Amino acid sequence: MSPPAESVKLEPLPPFKPDLYQRAWQSIPHPTLPLLATVHQKSVTVFSLSTLSAHSSLTNGHERSVRSTSWKPNLGPHQLCLVTGSFDSTAGLWRWKDDDDDGGAEVEITADDGSDGDGGPKEKDWELMVVLDGHDSEIKSVAFSPTGQYLATCSRDKSVWVWEDVGESEAEDEWETVAVLNEHDGDVKAVAWCPETNRSGRGRYGSDVLASCSYDNTARVWREDGDGEWICVAVLEGHEGTVWGLQWEPKPKGTKFPRLMSWGADCTVRVWTLKEEEDEDEEMAAPQQQHAWGGGGGGLGGIPNTMRRSLKEEWECTAILPQVHTRDIYAASWSPATGMVASSGSDGVVAVYREEDEEEEAGTNGTTHATDDEAAMELDGDVPMTNGGQAEKPQARGSRKWKVVSTTPNAHGPYEVNHVTWCRRYDQGCPPEKRGVEEMLVTTGDDGIVRPWQVVVS
């Protein structure tokens, strides 16, 4: 249950040390370990979430600034792997190497701050294994798929590349290009893979679904067809400026397909929902259809071409979060624990939003009353017309009502806030029973400071 709107407050915790003293672009938490990777200049600094200090660093791998990074998931014990995307048009694949002692990697990851004894991060323990090249211009974003089988990169050259891990073992780094997607009409800003969810039996929708967004004001959804070709199945239009980023709903309710969140230069955060029809769901549940569409690749099996259903999908904007920001929104993050959303951007504001539960929205007869704001949205075409009366709750879409529960101006003083993310707490200031469970926010700014924030619920 989300906390009441008036009960959320952000309180700054001690910033991560050392200060980077140079513009930092983003900070990405490890999916399971207490580590945080921050990209800045030509480097990545990995911080320990236990000590809030530098654990290690990745240097001397790129000729220009590193703009994005992603942790490879599902690795065995003592293994760490990061990919970096750089303005030098290449992506680098790095692995953690600790040959000092047996089990040393585990000690460094879970307890030690990884410093070199003088307060600085270690530099010797990360090794650049592979350089992936092919893009004609700056790489803006990199992302591993949930299983780690695929890697997506996107660039100012208007393309999205999909790479596949073809190594014969977990530690063998061999990648090949399986798709180059060129349908965007501008600089591609970000890529994001749909998370794995409990969609068992929904054979049409495999786990390998990719989204991208661009300077062309659109987001796109991509899937692999039965011939192994990656195709665009939906173009999401509605933003009135560059779409800076996107994220999939981390933990959707029930069996619904995850929603997609996007944000951009028009100062809006939008939520998109796949329109799923009941008759289609029933048809796709047939055994032969499950087999044909099933699996991570969404293959069509032996269905004749004339019988294949169109892979085109209908997505609709089902929510525009209340506007808080006055300038470009650079980042937003959807909490897997509470469902709240945080955003940050050029105006230095960090905002937190909460989606109301359906029972909080509904009246006694299960209908939703139109407010003045909703009436305005109707006129703008953002929601179905209700003529100012009552509208049945759109069950297929879920709740659309979001409220601002916290705004923190000047989060990094006069500097822009380039990134915000939800992150689990492991620091000493967190009660022992809540470590690894309680969430905090981490913001990253032009001032080179990586700042954690406690989310106070009173």
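No lab work stands behind these numbers, since they all come straight from the coordinates. Please read all numbers here as calculations on a predicted model, not as lab measurements. Reconstructed Cβ throughout: ideal geometry from the backbone, glycine too, with neighbour counts over all protein chains shown.
Placing pseudo-labels 7 Å out from each Cα toward the beta carbon at Ala337 and Lys17 gives an inter-label distance of 2.5 nm.
Counted by neighbouring Cβ atoms within 10 Å, the residues Lys72, Lys434, Lys158, Lys17 run from fewest to most as Lys434, Lys17, Lys158, Lys72. Neighbour counts of other Cβ atoms within 10 Å put Leu33, Leu80 in the fewest-to-most order Leu33, Leu80.
In this label model, Asn182 and His78 are separated by 4.6 nm, measuring between points 7 Å along each Cα→Cβ vector.
On the beta carbon distance between Val457 and Thr32, with R0 = 30 Å, the FRET formula returns roughly 0.75.
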